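All remarks here apply to the structure that follows.
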Amino acid sequence: MNLKELIREIPDFPQPGVSFKDISTLIGNAEAFHYVIETIAEYYRASQPEVIVGIESRGYILGAPLAYALNAGFILVRKPGKLPAETERIDYSLEYGQNSLEIHKDAIRPGQKVLIVDDILATGGTVSATAELVRRLGGEITGYAFLAELDFLKGRAKLEEAPIISLVHYVD
(Lines give C-alpha, C1' and ligand atoms only; values in the text may rest on other atoms or scores of the structure.)
Protein backbone atom coordinates (compact mmCIF):
# COMPACT_ATOMS: atom_id res chain seq x y z
CA MET A 1 0.00 0.00 0.00
CA ASN A 2 1.42 3.38 -0.98
CA LEU A 3 0.56 5.51 2.05
CA LYS A 4 2.45 8.54 0.74
CA GLU A 5 -0.05 8.86 -2.13
CA LEU A 6 -2.83 9.19 0.45
CA ILE A 7 -1.22 12.08 2.35
CA ARG A 8 -2.22 15.45 0.93
CA GLU A 9 0.49 18.14 0.86
CA ILE A 10 -0.52 21.76 1.48
CA PRO A 11 2.18 24.23 0.39
CA ASP A 12 2.95 27.31 2.51
CA PHE A 13 0.93 26.17 5.53
CA PRO A 14 0.99 27.21 8.36
CA GLN A 15 3.50 29.72 6.97
CA PRO A 16 5.40 30.34 3.73
CA GLY A 17 8.02 27.70 2.99
CA VAL A 18 6.38 24.95 5.05
CA SER A 19 4.79 22.03 3.19
CA PHE A 20 2.09 20.69 5.54
CA LYS A 21 1.47 16.93 5.42
CA ASP A 22 -2.30 16.54 5.83
CA ILE A 23 -3.05 13.02 7.10
CA SER A 24 -6.84 13.54 7.03
CA THR A 25 -6.94 12.11 3.51
CA LEU A 26 -5.17 8.94 4.68
CA ILE A 27 -7.18 8.37 7.86
CA GLY A 28 -10.38 8.89 5.87
CA ASN A 29 -9.48 5.74 3.95
CA ALA A 30 -10.58 2.82 6.16
CA GLU A 31 -8.23 0.28 4.59
CA ALA A 32 -5.19 2.57 4.90
CA PHE A 33 -6.03 3.63 8.47
CA HIS A 34 -6.46 0.01 9.53
CA TYR A 35 -3.16 -0.90 7.85
CA VAL A 36 -1.31 1.91 9.68
CA ILE A 37 -2.61 0.92 13.12
CA GLU A 38 -2.03 -2.80 12.61
CA THR A 39 1.48 -2.30 11.19
CA ILE A 40 2.62 -0.10 14.08
CA ALA A 41 0.93 -2.35 16.67
CA GLU A 42 2.68 -5.41 15.26
CA TYR A 43 6.04 -3.63 15.38
CA TYR A 44 5.65 -2.88 19.12
CA ARG A 45 3.59 -5.86 20.30
CA ALA A 46 6.61 -7.78 21.67
CA SER A 47 7.85 -4.79 23.72
CA GLN A 48 4.48 -4.68 25.53
CA PRO A 49 4.14 -0.96 26.23
CA GLU A 50 1.95 -0.30 29.25
CA VAL A 51 0.84 3.14 28.08
CA ILE A 52 0.75 5.03 24.82
CA VAL A 53 1.47 8.75 25.03
CA GLY A 54 -0.28 10.68 22.26
CA ILE A 55 0.81 14.21 21.38
CA GLU A 56 -1.92 16.81 20.77
CA SER A 57 -3.73 16.59 18.54
CA ARG A 58 -2.99 14.32 15.61
CA GLY A 59 -1.05 11.96 17.86
CA TYR A 60 -4.39 11.11 19.46
CA ILE A 61 -5.74 9.86 16.12
CA LEU A 62 -3.02 7.20 15.97
CA GLY A 63 -2.37 6.76 19.69
CA ALA A 64 -5.84 5.83 20.91
CA PRO A 65 -6.41 2.96 18.45
CA LEU A 66 -2.81 1.79 19.05
CA ALA A 67 -3.46 1.69 22.78
CA TYR A 68 -6.53 -0.41 22.12
CA ALA A 69 -4.66 -2.75 19.76
CA LEU A 70 -1.79 -3.17 22.26
CA ASN A 71 -4.02 -3.50 25.34
CA ALA A 72 -2.33 -0.42 26.82
CA GLY A 73 -3.53 2.73 28.53
CA PHE A 74 -3.64 6.04 26.69
CA ILE A 75 -2.09 9.26 28.04
CA LEU A 76 -2.70 12.77 26.68
CA VAL A 77 0.04 15.36 26.18
CA ARG A 78 -1.67 18.70 25.62
CA LYS A 79 -1.12 22.39 25.09
CA PRO A 80 -1.09 24.46 28.32
CA GLY A 81 -4.32 24.99 30.21
CA LYS A 82 -6.18 22.02 28.73
CA LEU A 83 -5.60 19.41 31.46
CA PRO A 84 -7.65 19.78 34.67
CA ALA A 85 -5.34 18.21 37.29
CA GLU A 86 -1.80 19.11 38.39
CA THR A 87 0.58 19.09 35.41
CA GLU A 88 4.23 18.92 34.47
CA ARG A 89 5.08 21.52 31.78
CA ILE A 90 7.87 21.94 29.25
CA ASP A 91 8.64 24.85 26.89
CA TYR A 92 10.42 24.06 23.61
CA SER A 93 11.26 25.30 20.11
CA LEU A 94 9.82 23.87 16.90
CA GLU A 95 10.47 24.50 13.23
CA TYR A 96 8.28 27.61 13.08
CA GLY A 97 8.12 29.04 16.60
CA GLN A 98 7.90 28.30 20.32
CA ASN A 99 5.43 26.06 22.12
CA SER A 100 4.68 24.37 25.44
CA LEU A 101 3.25 21.00 26.41
CA GLU A 102 1.78 19.55 29.59
CA ILE A 103 1.03 16.12 31.00
CA HIS A 104 -0.77 15.19 34.22
CA LYS A 105 1.82 14.62 36.96
CA ASP A 106 0.15 11.34 37.92
CA ALA A 107 -0.25 10.02 34.35
CA ILE A 108 2.81 7.75 34.35
CA ARG A 109 4.15 5.56 37.14
CA PRO A 110 7.93 5.33 37.62
CA GLY A 111 9.29 2.47 35.51
CA GLN A 112 6.18 2.22 33.35
CA LYS A 113 6.89 1.24 29.72
CA VAL A 114 5.86 4.06 27.37
CA LEU A 115 5.40 4.26 23.58
CA ILE A 116 5.27 7.87 22.30
CA VAL A 117 3.09 8.47 19.22
CA ASP A 118 2.59 11.39 16.84
CA ASP A 119 1.61 11.81 13.21
CA ILE A 120 4.79 13.39 11.81
CA LEU A 121 8.42 13.47 12.94
CA ALA A 122 9.90 16.72 11.65
CA THR A 123 12.64 18.54 13.59
CA GLY A 124 12.01 16.41 16.67
CA GLY A 125 11.23 19.36 18.93
CA THR A 126 7.74 18.31 19.97
CA VAL A 127 8.52 14.63 20.44
CA SER A 128 11.79 15.26 22.31
CA ALA A 129 9.91 17.65 24.63
CA THR A 130 7.31 14.93 25.18
CA ALA A 131 10.07 12.42 25.89
CA GLU A 132 11.48 14.78 28.51
CA LEU A 133 8.05 14.98 30.19
CA VAL A 134 7.86 11.17 30.24
CA ARG A 135 11.36 10.93 31.76
CA ARG A 136 10.51 13.55 34.42
CA LEU A 137 7.62 11.33 35.51
CA GLY A 138 9.89 8.26 35.61
CA GLY A 139 8.57 6.53 32.49
CA GLU A 140 10.75 4.16 30.47
CA ILE A 141 10.52 5.04 26.77
CA THR A 142 10.37 1.80 24.81
CA GLY A 143 9.73 3.34 21.40
CA TYR A 144 8.43 6.08 19.14
CA ALA A 145 5.84 5.69 16.37
CA PHE A 146 5.04 8.06 13.52
CA LEU A 147 2.93 7.83 10.42
CA ALA A 148 5.50 9.90 8.50
CA GLU A 149 8.97 11.35 8.90
CA LEU A 150 10.61 14.33 7.22
CA ASP A 151 14.05 12.71 7.05
CA PHE A 152 15.77 15.86 5.77
CA LEU A 153 15.01 17.67 9.06
CA LYS A 154 16.91 15.01 11.06
CA GLY A 155 14.45 14.93 13.97
CA ARG A 156 15.40 11.32 14.70
CA ALA A 157 18.78 12.55 15.98
CA LYS A 158 17.04 14.28 18.93
CA LEU A 159 15.51 11.05 20.21
CA GLU A 160 17.11 8.73 22.73
CA GLU A 161 18.00 5.16 21.88
CA ALA A 162 14.68 3.37 21.44
CA PRO A 163 13.03 1.73 18.44
CA ILE A 164 11.47 4.19 15.99
CA ILE A 165 8.96 3.36 13.28
CA SER A 166 7.87 5.77 10.54
CA LEU A 167 5.75 4.32 7.76
CA VAL A 168 6.28 7.13 5.22
CA HIS A 169 9.56 8.96 4.58
CA TYR A 170 10.07 12.32 2.89
CA VAL A 171 13.71 12.75 1.89
CA ASP A 172 13.50 16.36 0.64
**Prompt:** If the Cβ limit is 7 Å and pairs must be 6+ apart or interchain, which residue in segment 11-33 that is under 26 Å from residue 98 (Cβ atoms) and of a type in the set (A, V, I, L, M) pairs with which residue that is open to solvent by less than 70 Å² (accessible area, probe 1.4 Å) and assigned to a loop (DSSP other than H, G, I, E, B)?
**Reply:** 23/7
**Request:** Would you check which residues across segment 127-143 are open to solvent by 10 Å² or more (accessible area, probe 1.4 Å) and out of contact with any helix residue (DSSP H, G or I) (no Cβ under 9 Å at 6 or more places or on another chain) and list them?
**Result:** 132, 135, 136, 137, 138
**Residue check, residue 32 within 25 Å of residue 163 (Cα to Cα), small (Gly, Ala, Ser) and touching a Leu at 6+ places or on another chain (Cβ under 6 Å)** = yes
**Residue ID - least open to solvent (accessible area, probe 1.4 Å), chosen from residues in segment 4-19 that are at pLDDT 95 or above and of a type outside the set (Asp, Glu)** = 7
**Item:** Filter result for the condition that a residue is aromatic (Phe, Trp, Tyr) and either open to solvent by less than 50 Å² (accessible area, probe 1.4 Å) or under 20 Å from residue 133 (Cβ atoms) (or both), over 35, 44
**Value:** 44
**Message:** Here's a check for you: in segment 20-31, which residue that is closer than 17 Å to residue 57 by Cβ and of a type in the set (A, V, I, L, M) is most open to solvent (accessible area, probe 1.4 Å)?
**Reply:** 27
**Request:** Filter segment 144-167 down to residues that are hydrophobic (A, V, I, L, M, F, W, C) and more than 18 Å from residue 64 (Cβ to Cβ) and give me whichever is least open to solvent (accessible area, probe 1.4 Å).
**Result:** 148
**Message:** Looking at segment 111-158 only, could you name the residues that are over 23 Å from residue 80 (Cα atoms) and in a loop (DSSP other than H, G, I, E, B)?
**Reply:** 111, 112, 154
**Request:** Using the structure shown, decide if residue 115 is crowded, with 19+ Cβ neighbours inside 10 Å, out of contact with any His (no Cβ under 7 Å at 6 or more places or on another chain) and closer than 18 Å to residue 46 by Cα.
**Result:** yes
**Complete:** Of the conditions (1) touching a Lys or Arg at 6+ places or on another chain (Cβ under 6 Å); (2) crowded, with 19+ Cβ neighbours inside 10 Å; (3) under 23 Å from residue 138 (Cβ atoms), the single one that residue 67 does not satisfy is (1)
**Message:** Can you tell me which of (1) surrounded by 15 or more Cβ atoms within 10 Å (Cβ to Cβ); (2) charged (D, E, K, R); (3) not in a helix (DSSP H, G or I) is the one residue 106 doesn't meet?
**Reply:** (1)
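The values are calculated or read from the model by the stated rules, or taken from the named source; none is laboratory data. Computed from a prediction, not measured in an experiment: that's the story for all the values here. Cβ: placed from backbone, ideal geometry, glycine included. Neighbour counts: every protein chain shown. The protein model used for the area step is the full one, side chains on, heavy atoms only, and it has no ligands, DNA or RNA in it. Shrake-Rupley method; radii C 1.70, N 1.55, O 1.52, S 1.80 Å.
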